[in-house]
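Below: the structure, in structure tokens.
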4 protein chains.
Amino acid sequence: MPKIKPETSLARRDQILEAAEICFARQGFHQTSIRDIIRQSELSAGCIYGHFATKEELIQAIGERRHTRDAALLASDDNTMDPIATLRAIAGHFLIDLQTNDGLRTRRVGLQLWAEAVRSKEVHAQVTVGVHAPVSAITGLLQRGQHLGSISGRIDPAIIARTIVAMFQGFVLQRVWGEPFEASAALEGFEVLLRGLEPESGTKTPATSR
Amino acid sequence: MPKIKPETSLARRDQILEAAEICFARQGFHQTSIRDIIRQSELSAGCIYGHFATKEELIQAIGERRHTRDAALLASDDNTMDPIATLRAIAGHFLIDLQTNDGLRTRRVGLQLWAEAVRSKEVHAQVTVGVHAPVSAITGLLQRGQHLGSISGRIDPAIIARTIVAMFQGFVLQRVWGEPFEASAALEGFEVLLRGLEPESGTKTPATSR
Amino acid sequence: MPKIKPETSLARRDQILEAAEICFARQGFHQTSIRDIIRQSELSAGCIYGHFATKEELIQAIGERRHTRDAALLASDDNTMDPIATLRAIAGHFLIDLQTNDGLRTRRVGLQLWAEAVRSKEVHAQVTVGVHAPVSAITGLLQRGQHLGSISGRIDPAIIARTIVAMFQGFVLQRVWGEPFEASAALEGFEVLLRGLEPESGTKTPATSR
Amino acid sequence: MPKIKPETSLARRDQILEAAEICFARQGFHQTSIRDIIRQSELSAGCIYGHFATKEELIQAIGERRHTRDAALLASDDNTMDPIATLRAIAGHFLIDLQTNDGLRTRRVGLQLWAEAVRSKEVHAQVTVGVHAPVSAITGLLQRGQHLGSISGRIDPAIIARTIVAMFQGFVLQRVWGEPFEASAALEGFEVLLRGLEPESGTKTPATSR
DNA sequence: GATGAATGAGCCTTCATTCAT
DNA sequence: TATGAATGAAGGCTCATTCAT
């Protein structure tokens, strides 16, 4: 509950969140003190507490910021393209974003949120949404692929969607740790999974059989 | 420099680590106070600090504990089995372990370590080892599979190994968050990836081509 | 790096130092806890640590305070007076100050600093300055006395200056312990030493100006 | 109250005190932990506490040790020598002792006791005795000197005795701090004071006047 | 007697948060 | 609204002391 009217100064809020994100990415939530954020934002304690009631609220606001970014990445699906191609496109955008400084920083904070989800109900809810959104988007794509016959009818779309999300979560982890795992390599790995989704060789028209 | 001779009472060290792990799994490292661990272990501050110089050292000891567990899981490979079967076996053991309370607790702490790796050089080193060990084990299996002709010669074993590890890291995350993602479902996802590794249909004897 | 701008509220700094000095005089540095100082100053821990980074720094600040007092005492020398008279004046001021509650308290803390000098390089440096300042001031007076012929040319001014300082350090000790050694008695003792400085009886020449 | 019969093992007590003195000389009482003494003595906590009930008691035992040393130094007076010569002898012994490592160490601890006297009634009593003993010894010598006519009858022996003690206390301080103040210089300073004690030139038989 | 692991009160210090200006 | 000095609960850690072996 900010003590200040929200519309008054979204810019100020953003300035604070930007500073907070930088600090959180560097040191994690609990090793970042409000003073660190004060220093980074070049604002005062009172000012920050005018916009965010507690540190916890600041963490949650950071979590919400992430949704925006992720939603944008998923928006590549225009429902007219080939589902597999769409998957490839989403994966590509995601991995390219992960190469940028900004994207990496966001994921770094994301990892902190992942860990925090164990403790905080609110953050847990955010993380849950952060998983469900891509899972259902991908589930939809896979189902469409099955209908079109470009994806094997044998697989369970929901399960594979979760599997794909899991895979990319792992990519994020390794990237955040600075492991030598480039976007191209990750895509190569993803391709293998896609290959596993292909319809059975003998059945040329799988969609019809269903 | 422990105040207490290192050989004395490994049992006490374990008692402390056990208590610490319970607390860390529940609240994360930085939200767990030494007093929490004191309460959980039913020991005193002085006793704990006789065995571990700092809280940081306690965190690192927890990290090393994990290695033992993980090493045991990877030990399923006896070099005589079919590589694919071995991969399935390892995956199975891993996912079964993840169903147990103990295994889940360990992974919960593992997630804290993953987040901590961003901040602490020592923890980062541990996490790195924790990734490299399975990656190289799996890389070896895949290479053997390629030689035997049961795995496509086209894939890069190192990359696929990383991809597999990434996938299971994601499984861990979702499981730790309490997502409805059962072992059987995860295995199903893994099978799809395995299918993607199969040799090309036309080429019946891929190993010869190498 | 004070958390609080250095120029802000020197009064607050003084309030803290005043409280600290009272506590230190009563119990010594290491038997005085920060809580004691908090109670005495009627401030909070955070406030104190906003002005002094550590307890050690507080001790050093107390040490510097002493210099001011001592420098004022030495300032009695206006270079025109008879050196011996000046010495008497300085001694008198010093001993009178030692009779006041304030002066006694300062010397009590001074004794703590003397003991601390063995351990702390910084305090040692302060104490060293605290000795050298009066030693060189007195050395100068003695040299002037020798030039004027009121002091024997046989004595080594530097050595006698140190001896005089030693004597007054001893006076401080005894006074601080509550020994029955009044200012007048101390002055009497000092007079004996001064008498020992007189030029040799036979040599009337240098003293003729007197 | 040692839990162990005192006669059983004075050697053990001494071993502990020796270690304690080394530590105290180095770091002062309150910066020396029992663990430091344990390490230095190569004994165990239980053993030390078998011989000394508290750390405080250890400090007091150290204080008593000093008396022995000081008493030995004062014992130079055999009542037959010339008082002035005796004073010179005592001063000489004292200053020579202060040049030895052992003597310096003892004085270093002595300084800690001087500071401690402000806080502890028991230590204060010890220090008081430590002042009174030489003061009365010297007072006696001075009186004898006055009787013999080698010392001015005008001076108050008690006051001068205190003054002499003060002077040497100051010498100790400067020596303990590592000031460049050699024994010979200190003796030179002392000689000036002695000169101040000489009977008035005109009055050849001052003792009779009293 | 000696050992040394265990105890727990207490220490110094930090930091989220408040509030007068 | 913004500032930043002040608050005080809580945190990590130490250390004098005890006691079962």
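The values are calculated or read from the model by the stated rules, or taken from the named source; none is laboratory data. Everything numeric here is computed off the predicted structure, so don't read it as measured data. Note: ideal-geometry Cβ built from the backbone for every residue, glycine included; neighbour counts use all protein chains shown.
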Inset, instruction - For segment A:38-52, enumerate the residues that are over 17 Å from A:Ala25 (Cα atoms), under 26 Å from the mean Cα position of the chain (by Cα) and more than 7 Å from DNA strand F (Cβ to nearest atom). - result: A:Phe52
Legend entry - Scan of segment C:114-157 for residues that are of a type in the set (Gly, Ala, Ser), more than 10 Å from chain D (Cβ to nearest Cβ) and over 29 Å from C:Ala61 (Cβ atoms), ordered by number: C:Gly140, C:Gly145, C:Gly149, C:Ser150, C:Gly153
Inset, instruction - Determine, yes or no, whether A:Gln31 is within 14 Å of chain B (Cβ to nearest Cβ) and surrounded by fewer than 19 Cβ atoms within 10 Å (Cβ to Cβ). - result: yes
Inset, instruction - Go through segment B:24-73 and count every residue that is in a loop (DSSP other than H, G, I, E, B) and closer than 17 Å to B:Arg13 by Cβ. - result: 6
Legend entry - Which listed residue is aliphatic (A, V, I, L, M), more than 15 Å from the chain's Cα centre (by Cα) and not assigned by TED's automatic domain parsing to the domain that holds B:Glu18, from B:Leu95, B:Leu58, B:Leu104: B:Leu58
Inset, instruction - Please work out which one of (1) within 16 Å of DNA strand E (Cβ to nearest atom); (2) closer than 17 Å to C:Val176 by Cβ is the condition C:Arg105 fails and give its number. - result: (1)
Legend entry - Test for D:Phe94: is it in contact (Cβ under 8 Å) with a residue 40 or more places away in the chain, under 30 Å from D:Arg26 (Cβ atoms) and either within 7 Å of chain C (Cβ to nearest Cβ) or touching a His at 6+ places or on another chain (Cβ under 6 Å) (or both): no
Inset, instruction - Residue by residue through segment A:107-130, note down the ones that are surrounded by fewer than 20 Cβ atoms within 10 Å (Cβ to Cβ) and among the β-branched types (Val, Ile, Thr). - result: A:Thr128, A:Val129
Inset, instruction - Considering only segment A:16-38, state which residues are polar (S, T, N, Q) and in contact with a helix residue (DSSP H, G or I) (Cβ under 6 Å, 6 or more places away or on another chain). - result: A:Thr32
Inset, instruction - Scan segment A:20-65 for residues that are more than 11 Å from DNA strand E (Cβ to nearest atom), without any contact (Cβ under 8 Å) to a residue 24 or more places away in the chain and not charged (D, E, K, R) and report the count. - result: 1
Legend entry - Selection status of C:Phe171, under 17 Å from C:Ala91 (Cβ atoms), outside any helix (DSSP H, G or I) and at the interface with another protein chain (Cβ under 10 Å from one of its Cβ atoms): no
Legend entry - Flag for C:Ser41 being hydroxyl-bearing (Ser, Thr, Tyr) and surrounded by 18 or more Cβ atoms within 10 Å (Cβ to Cβ): yes
Legend entry - Counted residues, segment C:1-23 - those being in a helix (DSSP H, G or I) and near DNA strand F (Cβ under 8 Å from one of its atoms): 1
Legend entry - Among the candidates A:Ala25, A:Ala11, residue that is modelled with pLDDT under 95 and of a type in the set (A, V, I, L, M, F, W, C): A:Ala11
Inset, instruction - Kindly indicate the residue of segment A:74-90 that is in contact with a helix residue (DSSP H, G or I) (Cβ under 7 Å, 6 or more places away or on another chain) and not in a helix (DSSP H, G or I) and also nearest to DNA strand F (Cβ to nearest atom) among those meeting that condition. - result: A:Ser76
Legend entry - Selected residue [polar (S, T, N, Q) and closer than 29 Å to B:Gln146 by Cα] from B:Thr80, B:Thr54: B:Thr80
